[in-house]
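The values are calculated or read from the model by the stated rules, or taken from the named source; none is laboratory data. The model shown is predicted, which means the values in this text are computed figures rather than measured ones. Here the Cβ positions follow ideal geometry from the backbone for every residue, glycine too, while neighbour counts run over all protein chains shown. When the accessible area is computed, the model is the full protein with side chains, heavy atoms only, and any ligands, DNA or RNA have been set aside. Shrake-Rupley method; radii C 1.70, N 1.55, O 1.52, S 1.80 Å.
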Amino acid sequence: MAIIIFATVMFYAEKSVAGTTFYSIPDAFWYTIVTMTTLGYGDMVPKTPMGKIFGGVCSLCGVLVIALPVPVIVSNFSRIYQQNQRADKRKAQKKARMARIRLAKNASGTAFVAKKKALEMQSETF
């Protein structure tokens with residue numbers, strides 16, 4: 001929405017200047033997109049004071065619209081990534097714990113069976 005507004009304002013601010021590069025509103029779109037993303041190719045430059053003021057405001061709006069949300073996005077990504085890392089760690093710990101329990105059950109079961117066979121062998125010998 002801001003791109004449409006700034007492109008229209010820039011076109012009307014610069015259309016009366018001789019040798020302008022703002023031939024139409026779509027041409028002004030290019031300038032607005034380049035200015036708002038802070039690339040600034042320099043292929044289109046406003047010549048009137050009003051165009052320069054709107055160009056500066058356009059640049060500031062681009063920084064506010066594009067650059068300010070980045071830390072919020074990065075922070076949320078970091079939080080979600082850490083939550084996933086913790087969940088993966090808990091799953092791995094649970095899997096290791098279950099493997100130890102299974103191993104202990106098998107070992108105790110094997111020991112029980114071995115002890116039972118030994119007792120049977122002793123009782124048969126007597």
* Asked: When residue 124 is evaluated against the numbered criteria (1) under 29 Å from the mean Cα position of the chain (by Cα); (2) exposed (fewer than 10 other Cβ atoms within 10 Å of the Cβ), which criterion, by number, is the only one it fails?
  -> (1)
* **Selected residue [in a loop (DSSP other than H, G, I, E, B), of a type in the set (Ser, Thr, Tyr), open to solvent by less than 50 Å² (accessible area, probe 1.4 Å) and in contact (Cβ under 8 Å) with a residue 24 or more places away in the chain] from 32, 38, 20** => 20
* Condition broken by residue 115, with the remaining ones in (1) within 32 Å of the chain's Cα centre (by Cα); (2) modelled with pLDDT under 90; (3) part of a helix (DSSP H, G or I) satisfied -> (1)
* Asked: Just checking, which of 50, 10 is surrounded by 13 or more Cβ atoms within 10 Å (Cβ to Cβ) and over 37 Å from the mean Cα position of the chain (by Cα)?
  -> 50
